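A short worksheet on the structure shown next.
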Amino acid sequence: MTYMEKFFELFKQNLKTERLDMRRLEPTQENAKLVWEAIKDEKEEDFKYAPMMQNGILPKSESETLQMMQTHTQWCHNGVDWYIFYNNNLVGYQRIHYWPENRTVQCADVWFKKKYWGKGFNQEIHKKIEEIAFERLQANRICRQCMKDNVNSFKSIQKSGFHHDGDERQSFRMPDGKFVNQCRFSKLASEYGKTQR
């Protein structure tokens, strides 16, 4: 079995954490309706750091939500995405990719509805990802990123034991056209388990 096949075997499925259900949703009309109902009353400014939302611009309808999900599925040829449920309510989203040539799991797009910020959900999801990636996939490295001015994400990533590797200057374009720096983080297999999670 190749590393890529092992990655899909381990991750391309529904997963559970202590409080959350990480569900794989195919881009169907029914699922688009579910996602649309969950996000339609959210404020765009709360999604400005969510590239999955077409650079922070929320879909305007159920049909746009379906298009977004279809586009997103195409991006995931080397990855997996989950919609995050808490008490059976859709509260967020997480995507990861795998680069088998250097055995790196890359955590990509993530968002949560604002009322669920600060509840430790992101930490809980990444604890699960790390456990599977390091203990079962034998990954060498997990990497994460956030925008330079996204203070909450920066603190959350560092709190979970990731090393700040540096910044890529003006590597991301915000919805208002402004270019911002992206902070890059990594955790190595040799560092796994050395931080309090």
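From the list K159, K119, K127, K155, which residue is over 25 Å from M69 (Cα atoms), in contact with a Phe, Trp or Tyr (Cβ under 9 Å, 6 or more places away or on another chain) and surrounded by fewer than 16 Cβ atoms within 10 Å (Cβ to Cβ)?
The match here is K119.
Check region 166-180 and report whether any residue there is surrounded by fewer than 18 Cβ atoms within 10 Å (Cβ to Cβ) and touching a Gly at 6+ places or on another chain (Cβ under 8 Å).
There is at least one residue in region 166-180 that is surrounded by fewer than 18 Cβ atoms within 10 Å (Cβ to Cβ) and touching a Gly at 6+ places or on another chain (Cβ under 8 Å).
Do you know which of the residues in region 1-22 that are in contact (Cβ under 8 Å) with a residue 12 or more places away in the chain and in a helix (DSSP H, G or I) is nearest to N122 (Cα to Cα)?
Looking at the filtered set, the residue picked out is F11.
Say we look at region 23-39 and pick out the residues that are surrounded by 12 or more Cβ atoms within 10 Å (Cβ to Cβ) and not in a helix (DSSP H, G or I); which of these is farthest from the chain's Cα centre (by Cα)?
So, considering only residues that are surrounded by 12 or more Cβ atoms within 10 Å (Cβ to Cβ) and not in a helix (DSSP H, G or I), the one farthest from the chain's Cα centre (by Cα) is T28.
Name the residue that is farthest from the chain's Cα centre (by Cα), counting only residues in region 161-197 that are under 15 Å from K127 (Cα atoms) and modelled with pLDDT under 90.
Looking at the filtered set, the residue picked out is K194.
How many residues does region 77-100 contain that are within 27 Å of K119 (Cα to Cα) and exposed (fewer than 15 other Cβ atoms within 10 Å of the Cβ)?
The total comes to 3.
The values are calculated or read from the model by the stated rules, or taken from the named source; none is laboratory data. Keep in mind it's a predicted model, so treat the numbers as computed, not measured. Every residue, glycine as well, gets a Cβ built from its backbone with ideal geometry; the counts of neighbours run over all protein chains shown.
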